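Peer 1: Please find one structure pasted underneath; my questions will follow.
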Amino acid sequence: GLGEVDLDRAQRQVTHIAGLVDDLLDAASLAAGRLRMERKPLDLRDVVGPAAELADPWLSARRQRLQHTRPVAPLRVVGDAARLTQVLANLLINASKFSPEGAAVALRLERDDGDVVLRVQDPGEGIDPALLPRIFLPFAQGAPRGGGGPRGVGLGLTIVRSIATLHGGAVEARSEGPGRGSEFVVRLPA
């Protein structure tokens, strides 16, 4: 019969495949201008728990931990809670995939003038400077280094950028180069 390790591996693979299908469906909806959004006032702090839950299979499989301190003050935006959860989950999953086992992924939420800012930092592979200008384009992926497991189809960051833009915001990728980690910064109007 299947052992516990085999069941865990099967669950991770099913989760990965479901994520690929979701990304493909979302990319098709975005391209057709049909992505459904239900925007209403919300506290961005409330998307952290559900997003962390979605990213947990990747973090747990690599014995990684999420470092997050919940801000005291509410961080109010007008947005679609499910789509903003998807943005954060995609960024956390990417951080996990491109970071070594046992690494810490850092998440910060903060106010900056009229914006609410979400930052995901990882100590992983970093991003080649040549890739930075096109990191949010469909199917753009860096060459794998260090066996971070399944990579996906290269649509996660495209979807992140599209959802941020539909919320009147923006996303930026930062890295000092290969082996130096990366940071993704999402800005949304408060």
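The values are calculated or read from the model by the stated rules, or taken from the named source; none is laboratory data. Computed from a prediction, not measured in an experiment: that's the story for all the values here. Positions of Cβ are generated from backbone atoms using ideal geometry, with glycine treated the same way; all protein chains shown enter the neighbour counts. Heads up: the accessible areas ignore ligands, DNA and RNA and are worked out on the full protein's heavy atoms, side chains in. Shrake-Rupley method; radii C 1.70, N 1.55, O 1.52, S 1.80 Å.
Peer 1: In region 57-70, is there at least one residue being open to solvent by 70 Å² or more (accessible area, probe 1.4 Å) and modelled with pLDDT under 95? Before the answer, list the steps.
Peer 2: Just the residues of region 57-70 that are open to solvent by 70 Å² or more (accessible area, probe 1.4 Å), to begin with: 63, 65, 67, 69-70.
Checking which are modelled with pLDDT under 95 leaves us with 69-70.
Looking through region 57-70, at least one residue is open to solvent by 70 Å² or more (accessible area, probe 1.4 Å) and modelled with pLDDT under 95.
Peer 1: A further question follows. Name the one entry in 117, 47 that is modelled with pLDDT of 85 or more and more than 13 Å from the chain's Cα centre (by Cα). Talk me through it step by step, then tell me what you get.
Peer 2: Details: 47 fails: more than 13 Å from the chain's Cα centre (by Cα).
Matching residue, one of 117, 47: 117.
Peer 1: Looking at (1) under 13 Å from residue 157 (Cα atoms); (2) not in a helix (DSSP H, G or I), can you tell me which one residue 86 breaks?
Peer 2: That leaves (2) as the condition not met.
Peer 1: Checking the condition at pLDDT 95 or above, surrounded by 14 or more Cβ atoms within 10 Å (Cβ to Cβ) and out of contact with any strand residue (DSSP E or B) (no Cβ under 7 Å at 6 or more places or on another chain), which residue from 138, 100 passes?
Peer 2: On the way: 138 fails: at pLDDT 95 or above.
One residue alone meets the criteria, 100.
Peer 1: When you check residue 54 against the structure, is it modelled with pLDDT of 95 or more and buried (at least 16 other Cβ atoms within 10 Å of the Cβ), yes or no? Before you say what the answer is, go through the steps one by one.
Peer 2: Numbers: modelled with pLDDT of 95 or more: no; buried (at least 16 other Cβ atoms within 10 Å of the Cβ): yes.
Judged against the criteria, residue 54 is not a match.
Peer 1: Could you tell me whether region 29-41 includes any residue that is surrounded by 13 or more Cβ atoms within 10 Å (Cβ to Cβ) and at pLDDT 85 or above?
Peer 2: Checking region 29-41: at least one residue is surrounded by 13 or more Cβ atoms within 10 Å (Cβ to Cβ) and at pLDDT 85 or above.
Peer 1: Against the conditions (1) in a strand (DSSP E or B); (2) open to solvent by less than 10 Å² (accessible area, probe 1.4 Å); (3) aliphatic (A, V, I, L, M); (4) farther than 24 Å from residue 179 by Cβ, where does residue 78 fall short? Just the number, please.
Peer 2: The one condition residue 78 does not meet is (2).
Peer 1: If you don't mind, there's one more thing I want to ask. Anything in region 159-172 that is open to solvent by less than 20 Å² (accessible area, probe 1.4 Å) and either in contact with a His (Cβ under 8 Å, 6 or more places away or on another chain) or not in a loop (DSSP other than H, G, I, E, B) (or both)? List them, or say none.
Peer 2: Selection gives 159, 160, 163, 164.
Peer 1: Being open to solvent by 20 Å² or more (accessible area, probe 1.4 Å), modelled with pLDDT of 90 or more and under 17 Å from the mean Cα position of the chain (by Cα) narrows it down to one of 151, 111, 187, so name that one.
Peer 2: On the way: 151 fails: modelled with pLDDT of 90 or more; 111 fails: under 17 Å from the mean Cα position of the chain (by Cα).
Within the list 151, 111, 187, the selection yields 187.
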